[in-house]
Amino acid sequence: MTTGLALAAPWETLAVCLLLLVAPTVAVLHRPAWWVLAGIAATLTASLTVADGATAYAIAAAGALLHAVHAWQWSRTGALSLVAASAITAAAAGALSAGAGLAAFLLSAIAIAVRTGVPPLHGGVSSLCERAPAVQTQQMSSTIALVFLHLRFVDHIPEVAGWAPWLVRYGALACILAAIMTLAQRDLRGFYRGTTTMHGGMLMAALGAAALGNFAAALLVAVTVGLALGGLGMVITSLEERVGPVQYRGPGGRAAAFPVLTACFAVFGGAGVGLPGTAGFVADDLLLHTLWLQSPASTVAVILGSALIAVATLIGYSRTFLGPATPSVAPDLALRERAVAVLLLALLVTLGVAPYVLLVPADAFLRATIPAA
Amino acid sequence: MTALQPVLAVAVLSPMAAALAVGLRVVLGDDRPSERWVTSVIAAGLTLSVLGDLGVIGVFTGLVGPRIAGEIEFGDWLRLGDFVIPGVIQLDRVSVTLALFSSTLTALIARFSRTYLHKEPGYIRFFVLLGVFATGTQLVALAGALELFFAGWELIGIASALFIGFFHERDEPIRSSVRAFATYRLSDAGLLIATVATFELLGSARFSALEHAGELPPAESTMLALLFLLSAMGKSAQLPFSGWLPRAMEGPTPSSALFYGAVSIHAGVFLMLRVWPVLAVSPIARGVGVAVGLATAIYAATVARVHTDAKGALAHATLAQVGLILAEICLGWTTLALAHLLGHALLRLGQYLKAPNMIHDTHRVGHSHPGHGWIARVAPRLAARIYATALHRGRLDDLIDAIFAPVLAMARALDRADRWIRGQASLEGRR
């Protein structure tokens, strides 16, 4: 059975993770050393294909350490939080091998919370968002894999069912608080930090709901967050490489100088807040249906959080790109940046129009590998 | 698969496909395609949509082949276990009428705008948004399930917000755009919650499932109806959400005509027609709807009388009629409401498009002062107070700002606390 499962790996999920890992190295200048990149790709592939939970978590912990190595030159807080996430992931591996399912579930959830920046564990991710959005994009690639491991190995254990509603409430509360906080941001990176932490809360709520067997919502939310916010992070990095840090001091007027960059920001931002036709719309819908079964109040909180973050996104877009034209000698997005943006957008649209491309095989894989599902 | 499915797909998707084609060309390198090319592509998409809708009407009425009505299945958008998002189109007299109506008006507006916006800096953006809007309206008109309807509803909202901020070199359009979008999103929460609740309570989010709303306990059907009403109030600018509509006049005249005269402003009342089975079993929600509609009509009629700018006065005149349509629906006069909706949309479209000529016309034919009304004669002080209130649009924007002030204060306090805590824990300063 083990060999069979290894061959029947979640290839679609792996492909998305690898794409998200490679995309920033093509598009922007935050490139890790080749051995770090190769190491992360290897850990991603291995963690998603091995059939033993403890081994998979141990490999994921190693991957987090490699991300920390890359993050160190940009943000020490971010790097150390990734080291902490790695240690927690390793502890989850230890708990799994010791047969302590509940401990593994909680440790895994904490590791994901640290890596997606769910308040109050958002210090590291916030620092990465502010100092190196592209590095945050890259580390989201293996966070998606970690979510998959969570769904595959620890989320279905019977004793976690009592904890699932708490995870939903925690996620929903974090979601709405982060969304409210984002409304008060005064610069573009603050907005990116806020929307990242808000989506982290959303993912946490989805993980709680997944404990009832609704894997698809959590997986699609993770993938959408990775693609949409990953794309947004790259666009923000590209913009700031051209014009420096963007403050919200009146209208920025950058649309005239960077029309393509403006369009990409709008679509990635829209995908993050459920733009119809993109994966964000289906992810939100699926998540809300899943959450409703556990807690209608949390569902309402997530919907309001999503509405507020949409407003914050439009404010960010307006303050950065709209207004009287600000001339710039820097060029618009280069061809390599456009190619990556189009690829990510194509994936977001594909998953929005035909979400079953990812979800049906992943769901079938999880149900085939999880005895209780 | 019936022959009607490709026709429906063309009617709904061709404008979006045209918008995507223009958008992709820009993103992939050609930042400045010619106006002629942009107009041709978008016009082709819109024309195909009109032709598709004509074909649909032909089949629906039985003029072309055997008559087809009811739900047309396109397979499942997503199916995972018990959870299904159906790709289903609903053909009935309301849906096909509104679909053809909106696609025709959008195509006409596109033709009008080709000349009106010639050499305008945002020309490409305008036409791309028009394509997005057209697909949104087709989805709203033809959707057979709430998820599909919501997708169209959101596309209309996003296009509307971006049209309001079209002339973004000035501050006011940007502020108005954010305000309109915030109103949309917060009231859309009602539709989203209602969609999820409908699925869980009735086992499906298809409009046909709403026929079973009468089997729900009264509290649940009332909750559903009120949530739908909340969403309609936001989209159709009913009290207390009316403040965004006059601000929306910052957009280009053709989009104002299409959105706030003809199609978008009526989307909320169209939703009420669509979910009529839920409203029918909820007298409380219908009562609230009548009260809101009539209050909006009185408010808007009063404000329209004192407005000095043409589009602002038209916006409030529109609002007054939309309030009446909402009241008609909630009173159960749905056929009258549909006729009122279509007639009103056509009238306003013409008036909005003519608005830029109004000053010229006024100079040509002159205008007369309406004189004092009966209130001014009977109770002059009351009339003065009403006049002052109307001049300030009932201070609706101030009211909404006051309601959201604590949220913004909380946002600032949370942000300050967060920055302080992260600052204390940060290792960056010690490098």
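Every number here is computed from the coordinates shown, using simple stated rules; none is lab data. Computed from a prediction, not measured in an experiment: that's the story for all the values here. Glycine gets a Cβ as well: all are built from the backbone with ideal geometry, and neighbour counts include every protein chain shown.
Below is a table of values for the structure above.
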quantity	calculated
Centre separation in Å (Cα based) which lies between region A:303-373 and region B:245-299	32 Å
Selection from A:Phe265, A:Leu82, A:Pro158 lying farthest towards where the dipole of region A:2-369 points positive, charges on Cβ	A:Phe265
Value of [θ]222 nm, deg cm²/dmol, for chain A, DSSP H segments ≥ 4, -39500 (n - 2.57) each, nearest 500	-24500 deg cm²/dmol
Cα→Cβ-extended label distance, 7 Å offset, between B:Ser40 and B:Leu28, nm	1.7 nm
Under the span-like rule (Cα at least 15 Å along the axis, Kyte-Doolittle mean at least 1.0), DSSP H helices of chain A	A:11-27, A:34-49, A:53-71, A:76-97, A:101-116, A:164-182, A:259-272, A:296-321, A:335-353, A:356-369
Span-rule helices in chain B, defined as complete DSSP H runs reaching 24 Å or more along the axis (Cα) with Kyte mean at least -0.5	B:4-27, B:35-61, B:93-116, B:123-142, B:146-164, B:171-202, B:218-235, B:283-306, B:310-330, B:334-354, B:396-425
Radius 14 Å from Cβ of B:Asp309, net charge of other residues (Lys, Arg +1; Asp, Glu -1)	+2
Span from the region A:71-138 Cα centroid across to the region A:233-280 one, whole angstrom	27 Å
Three-way shape label, chain B, alpha-carbon gyration tensor, a/c 1.5	rounded
Efficiency of FRET between B:Ala379 and B:Ala291 - r from beta-carbon atoms, R0 25 angstrom, step 0.05	0.55
FRET efficiency estimate (nearest 0.05) - Cβ-Cβ, A:Arg249 to B:Glu172, R0 25 angstrom	0.90
Rounded, prolate or oblate (a/c below 1.5 giving rounded, otherwise prolate when a/b exceeds b/c) for region A:168-236 by Cα gyration tensor	oblate
Within straight-line cross-link reach of B:Lys354, aspartates and glutamates at Cα separation under 14 Å, skipping those fewer than 8 residues along the same chain	B:Asp309
Cα→Cβ-extended label distance, 7 Å offset, between B:Glu211 and B:Asn357, nm	4.8 nm
Shape category assigned to region B:18-129 from the gyration tensor of Cα positions, a/c cut at 1.5	oblate
Computed [θ] at 222 nm, deg cm²/dmol, chain B (DSSP H ≥ 4; -39,500 (n - 2.57); rounded to nearest 500)	-24000 deg cm²/dmol
Full-extension gain in nm, B:Met410 to B:Asp309, via 0.36 nm per residue minus C-alpha separation	32.6 nm
A:Val26 versus B:Ala3: modelled label distance in nm, points set 7 Å from Cα along the beta carbon direction	4.5 nm
Under 15 Å, Cβ to Cβ, from B:Gly87 - net charge with Lys/Arg +1 and Asp/Glu -1	-3
